[in-house]
C-alpha cells in the first residue's frame, strides 16, 4: 500500500512540475541595453550604457502578456571644433563640445508569444508610453540644457529562452524606439534609435 502511495505522489508531483515548467505567470526581467541613434543631428554615437527593467503578466488562456517596462540610456559624443548657428539666425559660436543625452522611456507593453510553453519562445511586442530626455551641450565654460517629456512608441521582437524549461531564463530582444522629445537648438523634433538587449528573467 505504501508503495502505491509513493508512486501516486511521484506521479502527481511530476504532472505539477511539468505544468509549472510549461506555463508562464509573472515575468520579471533585467537587461543590458545597447542603443544606436538614427537620423539625429545632435549625436550619432552608439550607447553601451543602458538597461531595461520590465514586468509581464501572462494571460491564462492565451499566449499573450501585458506589463510595464522602464529603460534608460546614456549617449555621449565629443564633437570637434565647428560653428553652430542658433535658431534665431542672429548669433553663432565656434567651439568644440561634448554632447550628452539621457533618456528614460516608461511604457505599457503587450507581447504575443510563439511556441508558448516551450524552452524557446519567440515573441513580438509593442510598448507605448512617455520618455523623459535631457539633452546637454558642454563647451568651454558654458552649458546648454534642454529637458522635456515626449510621447514614445517601441515595437520589438525577441525570444525567451528557458534552458531547463523552468522558472528562469535568458531574454534577447531588439526594438525600434521613437519619441517626440525636441531639441530647439538643433531643430530636432524627435529621438530615434535601434535598441538591442540581453538579460535574465524570473517567472513565478
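If you go through region 175-204 and pick out every residue that is crowded, with 16+ Cβ neighbours inside 10 Å and assigned to a strand (DSSP E or B), you end up with 14.
Against the criterion of being assigned to a strand (DSSP E or B), under 18 Å from residue 126 (Cα atoms) and at pLDDT 85 or above, residue 172 qualifies.
When 145, 130 are screened for being closer than 21 Å to residue 42 by Cα, without any contact (Cβ under 8 Å) to a residue 12 or more places away in the chain and either part of a strand (DSSP E or B) or over 18 Å from the mean Cα position of the chain (by Cα) (or both), only 145 passes. Among the residues in region 74-97, are any at pLDDT 90 or above and within 19 Å of residue 126 (Cα to Cα)? Checked against the condition, which is being at pLDDT 90 or above and within 19 Å of residue 126 (Cα to Cα), region 74-97 yields no hits at all.
In region 138-151, the qualifying residues are those that are touching a strand residue (DSSP E or B) at 6+ places or on another chain (Cβ under 8 Å) and within 15 Å of residue 99 (Cβ to Cβ), and the one that is modelled with the lowest pLDDT is 140.
Checking each residue in region 148-166 for being part of a loop (DSSP other than H, G, I, E, B) and surrounded by fewer than 16 Cβ atoms within 10 Å (Cβ to Cβ) picks out 163, 164, 165, 166. Is it the case that residue 154 is over 13 Å from residue 190 (Cα atoms) and at pLDDT 95 or above? So residue 154 fits the description; yes.
Only residues that are more than 21 Å from residue 203 (Cβ to Cβ) and either surrounded by fewer than 15 Cβ atoms within 10 Å (Cβ to Cβ) or free of Cβ contacts under 8 Å to residues at least 60 places away in the same chain (or both) were counted across region 93-125, and they come to 11. Restricting attention to region 133-142, the residues that are more than 22 Å from the chain's Cα centre (by Cα), in contact (Cβ under 8 Å) with a residue 24 or more places away in the chain and either in a loop (DSSP other than H, G, I, E, B) or surrounded by 20 or more Cβ atoms within 10 Å (Cβ to Cβ) (or both) total 2.
Annotation for region 173-193: at least one member residue is closer than 15 Å to residue 29 by Cα, touching a strand residue (DSSP E or B) at 6+ places or on another chain (Cβ under 6 Å) and free of Cβ contacts under 8 Å to residues at least 60 places away in the same chain.
The residue that is modelled with the highest pLDDT, counting only those in region 49-73 that are loosely packed, with under 15 Cβ neighbours inside 10 Å and not in a strand (DSSP E or B), is 59.
The residue that is nearest to the chain's Cα centre (by Cα), among those in region 20-43 that are assigned to a loop (DSSP other than H, G, I, E, B) and either surrounded by fewer than 14 Cβ atoms within 10 Å (Cβ to Cβ) or at pLDDT 95 or above (or both), is 38.
The values are calculated or read from the model by the stated rules, or taken from the named source; none is laboratory data. Small disclaimer: the values here were computed from a predicted structure and weren't measured. When we count neighbours, we look across all protein chains shown, and the Cβ atoms used for this are built from the backbone with ideal geometry, even at glycine.
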